[in-house]
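Trainee: Below you will find the structure I want to go over with you.
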Amino acid sequence: MKDDYLWDKSGEPDAEIHELENILGALKYQPRPLEIPESLTSPRRRMILPMSLAAAFVLALFGLGLWLGLGRKQEAPVAVVPSFNTPRETPAPAMTPQSNQSDVAINTETPEPAVGKNRVTRRPSPRRVNRDTSDSTMAQRAEAEKAKEQLFLALRLASEKLNLAQKRTQGAPPAHQIRNQHKTG
Amino acid sequence: MYELQATANMLLLSTEAGRAIESTPPKSTPPTLDKRDYEAALVKQVLEGNRDQFGKLYGSYAQLVHGILLARVPRDEVDDLVQDIFLHAFKKLHTLRDPAAFGPWVAMIARNRAVDFHRSSREKVEITDDLQTTGPNGPAACGAAEILEIICHLPDAYRETLVLRLVEGMTGPEIAGRTGLTPESVRVNLHRGMKLLRQKLGLTEAI
């Protein structure tokens, strides 16, 4: 069939199609070597560098966020400490309508806190408060320092890994390397 | 830019191909799985830094890209554009999602590049009435450039398929395999395109 010749050049050749092929064959593709400039690097390599830079940027942002979070935690207890000295903690003397003037005078002179049967509340002395707050601040500061060291260690590790990845991208990849596989363990 | 358009167009193409008009079923099928695997391996090797392997892909598909461009842009621009398109494909190869689909991808880049070429260069060559319909002497009376000019004024789908078949000498199954079109679509485009070309050349259709 002549339709077969148009489709896959099989069967009886169609004279007109054959003639067209001969004429148009002059315009056929003439092979030319492709000249890839040396400045063009491999596509995948160029992709890894921006990705590693982006990863480093995200990591740095994360670290900054952690750092700011720790800073706020350190400030928070200091703001609570002065509440020990506020007068609200000293309870007012009990006043009844039946009490006379002398009682009132006595009560105002001695503004002792109310004493219950089972518990005694004492007003902490200023020196003791200071010592407590300084102890708690010191403990929190030590804890913050520890966290800071851990953060720095994590950042150093991340930086080392990024450097290693960058070196691998600049060098030829090893032959046994399997791409698109996540490490396990 | 071109490669993104190419990816989007390939998605559209796959749905259009599904709706292609069916005529007689083709005897041949698109390229074998081995060839697709081979090309996918080549693409992976290029992505891993073996740039020499890109020369093989170029060797396999330069003819296809040449044909696609020849159906759309002036002849003297085609050779330079073929080189440009393959350099662009080399730079953007990492955006190719399916390594086995290098052919359809680069074909779509070529089509988009041809559209861009016409967008940037406003000058258009008007076809004369003499070229649109030749006399009863047929193709023998016309030169290659004149016949190509007539083909280039046929509808898009027909001219590309006809150029690949008549100029580049590819068979229908080869065209289907390399462009990503279904064999049915290629067969229909070839048949209808040839019918129109015969009319323009003043030939009687052989039945």
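Trainee: Considering only the other residues whose Cβ falls under 13 Å of the Cβ of A:GLN30, what net charge follows from Lys and Arg at +1 and Asp and Glu at -1?
Mentor: Neighbour charge sum, excluding A:GLN30 itself: +1.
Trainee: Once the other residues with Cβ under 10 Å from the Cβ of B:VAL167 are scored (Lys, Arg +1; Asp, Glu -1), what is the net sum?
Mentor: In short, 0.
Trainee: Further question: Quick check: convex hull over the Cα atoms of the range B:71-114, volume per residue in Å³, rounded to an integer? List each step's numbers first, then the result.
Mentor: Details: hull volume 2.8 nm³, N = 44.
So the per-residue hull volume is 63 Å³.
Trainee: So, one more: In the structure shown, do any of A:LYS9/B:LYS195; A:LYS28/B:LYS91; A:LYS167/B:LYS44; A:LYS28/B:LYS44; A:LYS161/B:LYS92; A:LYS161/B:LYS91 have a Cα-Cα gap over 23 Å, and if so which?
Mentor: Table pairs above 23 Å Cα-Cα are A:LYS28/B:LYS91; A:LYS28/B:LYS44; A:LYS161/B:LYS92; A:LYS161/B:LYS91.
Trainee: Here is a further query. If I take all pairs of Cα atoms in the range B:37-124, what percentage of them are more than 17 Å from each other?
Mentor: On the way: 1716 of 3828 pairs.
Value for the range B:37-124 (Cα pairs over 17 Å): 45 percent.
Trainee: Is there a simple number for the mean count of other chain Cβ atoms within 10 Å of the Cβ of residues in A:29-38, and what is it?
Mentor: 6
Quick note: the coordinates plus some simple rules give every number you see, no bench work behind them. Source: prediction; values computed, not measured. Glycine also receives a Cβ, built like all others from the backbone with ideal geometry; neighbour counts cover every protein chain displayed.
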